[in-house]
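Asker: Shown below is the structure under consideration.
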Amino acid sequence: MKQNRRFFIKSFVMAIPALLLASRTARGEVVKRPVIQPVNLDFIKTEMDIMGRDTWTNVLPRKWLLRAAVEFDRITVHHVGKYKNFDIAKSTVIRDLDGILTEHIDRNYGDIGYHFVIDYAGRLWEGRSLGYEGAHVAGQNDRNIGIVCIGNFDMQKPSEDQLITVEQIITVLRERYAIKQTSVFGHRDLGPSACPGDNLYASVVKLRE
Ligand SMILES: [Zn+2]
C-alpha cells in the first residue's frame, strides 16, 4: 500500500512540469485558452421543443479537441446518409444518435460533429454545444452551424415533420445569430459531397429563396 501511495505521489510530482508545459508554447508564451461559456438554449425552447443533450447521452465532449465558437454566420444541412431510416420511437432514435456520436469520437472529432439532429418523427435533438465549432464540413466549420437529418435522402424522402423542424430551427438560429437567408447551405454547396441527398437538398434550396 505504502509503496503504491509513494509511487502515485512521485508520478504526480513528475507530471507537474508536463502539465505546466501544456499551457505554454515552444517560446514559453502562456496560451490563453478561450473560456467556453455554456450556451443558454432558451431562445430555442421558447419557440419549439428540443431534446437536451442529457436526454440521450452522458458522454462528455473531449474539450481539448474542440475550438470555441461565439458567432455563427452560416448554417449547413446534412443527412446521415448510408441507410434509409424511419425510426420514430425515442429509444431507437437514441440508439441512432449514439451511433453517430461513437463514429465521430472514433474519428477524433472530440464530440458529435453536428450541433443539432432531427429525427424522422421531427424531434429536434441537441448535439454539440453551440459553444463549440462543429465538425461537419471539411475545412469549413468556422462560424458554421451544423444540422443533420437522420436518414438517406437520396433513397427516401424526408418526412413532413422533419421538414417542419428543419425550417423552424433554421428560422430561430438565423434570427439569433443574424444569419442571412442566402447563408443556408446543403453540405454539397460547400464541398464535394452528395449530402444532404437530392430529396432534402430541394427543401434547403427553397429556404434560401
Ligand atoms: Zn454532410
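Asker: Checking the condition within 12 Å of the chain's Cα centre (by Cα), buried (at least 19 other Cβ atoms within 10 Å of the Cβ) and closer than 24 Å to residue 41 by Cβ, which residue from 146, 122 passes? Steps first, answer last, please.
Answerer: Numbers: 122 fails: within 12 Å of the chain's Cα centre (by Cα).
From the options 146, 122, the qualifying one is 146.
Asker: Taking only the range 135-157 into account, find how many residues are touching a Phe, Trp or Tyr at 6+ places or on another chain (Cβ under 8 Å), under 14 Å from residue 75 (Cα atoms) and in contact (Cβ under 8 Å) with a residue 40 or more places away in the chain.
Answerer: Looking only at that region, the number is 7.
Asker: Here is a further query. Can you report the number of residues in the range 127-157 which are part of a loop (DSSP other than H, G, I, E, B) and more than 14 Å from the ligand (Cβ to nearest atom)?
Answerer: Let us first name the residues in the range 127-157 that are part of a loop (DSSP other than H, G, I, E, B), namely 127-131, 133-143, 150-157.
Checking which are more than 14 Å from the ligand (Cβ to nearest atom) leaves us with 128-131, 133, 142-143, 155-157.
Total satisfying the criteria: 10.
Asker: Moving to a separate point now. Consider only pairs whose beta carbons are under 7 Å apart and that are at least six residues apart or on different chains; among these, list those whose first residue lies in the range 106-126 and is modelled with pLDDT of 95 or more and whose second residue is open to solvent by 10 Å² or more (accessible area, probe 1.4 Å) and of a type in the set (Gly, Ala, Ser).
Answerer: If the second residue must be open to solvent by 10 Å² or more (accessible area, probe 1.4 Å) and of a type in the set (Gly, Ala, Ser), the pairs left are 109/135; 113/135; 120/159; 122/159; 126/52.
Asker: Looking at residue 70, is it within 20 Å of residue 167 (Cα to Cα) and within 15 Å of the chain's Cα centre (by Cα)? Walk me through it before giving the result.
Answerer: Details: within 20 Å of residue 167 (Cα to Cα): no; within 15 Å of the chain's Cα centre (by Cα): yes.
Here the answer is no, as residue 70 does not meet what is asked.
Asker: Please verify whether residue 170 is part of a helix (DSSP H, G or I), open to solvent by less than 10 Å² (accessible area, probe 1.4 Å) and more than 14 Å from the ligand (Cβ to nearest atom), treating the condition exactly as stated.
Answerer: yes
Asker: Applying the selection to the range 182-198, what residues are open to solvent by less than 60 Å² (accessible area, probe 1.4 Å), among the polar types (S, T, N, Q) and more than 8 Å from the ligand (Cβ to nearest atom)?
Answerer: Selection gives 183 alone.
Asker: Where residues in the range 64-108 are basic (Lys, Arg) and outside any helix (DSSP H, G or I), which of them is farthest from the ligand (Cβ to nearest atom)?
Answerer: To start, the set of residues in the range 64-108 that are basic (Lys, Arg) comprises 67, 74, 82, 84, 90, 95, 107.
When the remaining residues are screened for being outside any helix (DSSP H, G or I), the result is 67, 74, 82, 84, 107.
Values: 67: 19, 74: 14, 82: 12, 84: 17, 107: 13 Å.
For the range 64-108, the residue satisfying everything is 67.
The values are calculated or read from the model by the stated rules, or taken from the named source; none is laboratory data. Since the structure is predicted, the reported quantities are computational estimates derived from the model, not experimental observations. As a convention, Cβ positions derive from the backbone with ideal geometry for all residues, glycine included, and neighbour counts pool all protein chains shown. Just the protein is used for accessible areas: all its heavy atoms, side chains included, with ligands, DNA and RNA removed. Shrake-Rupley method; radii C 1.70, N 1.55, O 1.52, S 1.80 Å.
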